[in-house]
Amino acid sequence: MSKVTIRDIRAILTAPAGINLIVVKVETSEPGLYGLGCATFAYREKLVAAMVEDYLKPLLVGRDVANIEDLWHLMNNNSYWRNGPVTNNAISGVDMALWDIKGKMANMPVYDLLGGKSRQGVAVYRHADGKDLDTIVENVQKYMDQNIRHVRIQWGGYGGQAGSINRPEGSPQGVYYCPDQYIRNTLRLFEYVRGKLGDEVELLHDVHERIPPIDAIRLAKDLEPYRLFFLEDPLPPEQADWLKILRQQTSTPIAIGELFNNPKEWDYLIANKLIDFIRVHISQIGGITPARKLAIFCEQFGIRTAWHGPGDVSPVGHAANIHLDLVSHNFGIQEWAGISEELHEVFPGSPVLKDGYVYANDKPGLGIDINEELAAKYPCETKVTMWTQTRLPDGTAYTP
Ligand code: MG
């Protein structure tokens, strides 16, 4: 085939499930040949779209689609200041689309381009939550009945259920929670669920960086009898140095990384074996190209992958996760928020969950498309983000 070049790049904004999604479409000089990539930064969607259309498009139009590695570095270096969430998500949108195009040109799924399958289906974990302990047990049981072996349990969402909190007069509005109450309830939760459901189910938990570092260490130790599959984000990235101390005191497996942007945030954690699972948000680090390198880097140190897979990843991003999961020898587990019927309609070819495992389809590229007409029926909403306005009982702003 003669040289195929980039003809156009667009950001498509859509919210079929009520969450802002940004998908990048790269069109080529070859009629009908295009690729899709996930650039979802749900809370700053217009900035990513501007980055893609006003800055990356003029940089890339006319260039050869074949040279993904070179184009990735070109995009990363072009703004001089790099490794930010807006730039990385925009780069990811183009990067994934270029892998999609390469797969279509080669008539191979992306997992074949990356080395072929290490497994046929991808084991996932689901989320079980509830207002009371029996509801949580029922929700875990429901997943176990569907052959899901790994379930993340939370009592009342991140930071737990805020009972009545006595705030200082004049405290600002926000999402209030009490770290001490959360820690006590989380221990009760694990004792109860293990007692009811036994040892067969693998249990996970997300601290969501809502407690002070020394409390995170104590919690990880106190949870040891319940044999977690992993404890997620016990610390914020800014306090990751504490992991050195945590590791000396507890064998509870640690998963971290959904907030990471910059390789310097993960390299020492991996090289010093301070974590057990890397769970970056793949669009947040710049797409498939850096994620594949990161997975291979982790493999050298016995660290497994657990890519971030919440609702604020587009189905194109979920497909990228699954293709990497299928290939990576050191795959650990995949978070699976589920893909709604509306999302399946807008994104035909989305990965599917069957009997405990998620499967990619075997079409060339990422195997996923977008119905742009339908996507336009679900416009994004730009609004002030509320759930990140977290506060301690005395009104102090805290990481969400
Ligand atoms: Mg998380």
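The values are calculated or read from the model by the stated rules, or taken from the named source; none is laboratory data. None of these values were measured; they are calculated from a predicted model. No Cβ is skipped: glycine too gets one built from the backbone with ideal geometry, and neighbour counts run over all protein chains shown. The protein model used for the area step is the full one, side chains on, heavy atoms only, and it has no ligands, DNA or RNA in it. Shrake-Rupley method; radii C 1.70, N 1.55, O 1.52, S 1.80 Å.
Taking segment 269-308 as the search range and keeping residues that are within 20 Å of M96 (Cα to Cα) and of a type in the set (D, E, K, R), which one is most open to solvent (accessible area, probe 1.4 Å)?
The qualifying residue most open to solvent (accessible area, probe 1.4 Å) is K293.
Let's see how each residue does on (1) part of a helix (DSSP H, G or I); (2) of a type in the set (V, I, T); (3) open to solvent by 70 Å² or more (accessible area, probe 1.4 Å):
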{"site": "K46", "(1), (2), (3)": "yes, no, yes"}
{"site": "L56", "(1), (2), (3)": "yes, no, no"}
{"site": "N83", "(1), (2), (3)": "no, no, no"}
{"site": "I91", "(1), (2), (3)": "yes, yes, no"}
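Yes or no: G287 away from the ligand (no atom under 12 Å from the Cβ), on the phi > 0 side of the Ramachandran plot, touching a Gly at 6+ places or on another chain (Cβ under 8 Å) and not basic (K, R)?
Against the criterion (away from the ligand (no atom under 12 Å from the Cβ), on the phi > 0 side of the Ramachandran plot, touching a Gly at 6+ places or on another chain (Cβ under 8 Å) and not basic (K, R)), G287 qualifies.
Return yes when I101 is in contact with an Asp or Glu (Cβ under 8 Å, 6 or more places away or on another chain) and not acidic (D, E) and no when it is not.
No; evaluated as a whole, the condition is false for this residue.
Can you work out which of the residues in segment 202-216 that are over 22 Å from A397 (Cα atoms) and surrounded by 20 or more Cβ atoms within 10 Å (Cβ to Cβ) is farthest from the ligand (Cβ to nearest atom)?
Among those residues, the one meeting the criterion is L203.
Filter segment 348-373 down to the residues that are open to solvent by less than 40 Å² (accessible area, probe 1.4 Å) and over 30 Å from Q141 (Cα atoms) and list them by number.
G365, L366, G367, I368, I370
Determine the pairs where a residue that is among the basic types (K, R), located within segment 198-215, has a partner that is within 14 Å of the ligand (Cβ to nearest atom) and at pLDDT below 95 with Cβ atoms under 7 Å apart, the partner being 6 or more residues away or on another chain.
Partner pairs satisfying both residue conditions: R210/Y158; R210/G159.
What number goes with the only condition from (1) under 20 Å from the mean Cα position of the chain (by Cα); (2) without any contact (Cβ under 8 Å) to a residue 12 or more places away in the chain that L343 does not pass?
Status for L343: all satisfied but (2).
Give me a count of the residues in segment 158-201 that are buried (at least 18 other Cβ atoms within 10 Å of the Cβ) and aliphatic (A, V, I, L, M).
4
Return the total of residues in segment 93-122 being open to solvent by 40 Å² or more (accessible area, probe 1.4 Å) and touching a strand residue (DSSP E or B) at 6+ places or on another chain (Cβ under 6 Å).
Residues that pass the stated criteria total 1.
Would you please name the residue that is farthest from the ligand (Cβ to nearest atom), looking only at residues in segment 304-323 that are in a loop (DSSP other than H, G, I, E, B) and in contact with a strand residue (DSSP E or B) (Cβ under 7 Å, 6 or more places away or on another chain)?
S314
Within segment 216-258, take every residue that is in contact (Cβ under 8 Å) with a residue 40 or more places away in the chain and in a loop (DSSP other than H, G, I, E, B) and give me the one that is nearest to G198 (Cα to Cα).
F229
Is it the case, given these coordinates, that L326 is closer than 24 Å to F230 by Cβ, in contact (Cβ under 8 Å) with a residue 60 or more places away in the chain and either buried (at least 17 other Cβ atoms within 10 Å of the Cβ) or within 16 Å of the ligand (Cβ to nearest atom) (or both)?
Judged against the criteria, L326 is a match.
Answer with yes or no whether I153 is under 24 Å from F331 (Cα atoms), touching a strand residue (DSSP E or B) at 6+ places or on another chain (Cβ under 6 Å) and not aromatic (F, W, Y).
So I153 passes the test.
Take E238 and tell me if it is within 14 Å of the ligand (Cβ to nearest atom) and modelled with pLDDT of 95 or more.
For E238, the condition - within 14 Å of the ligand (Cβ to nearest atom) and modelled with pLDDT of 95 or more - is not met.
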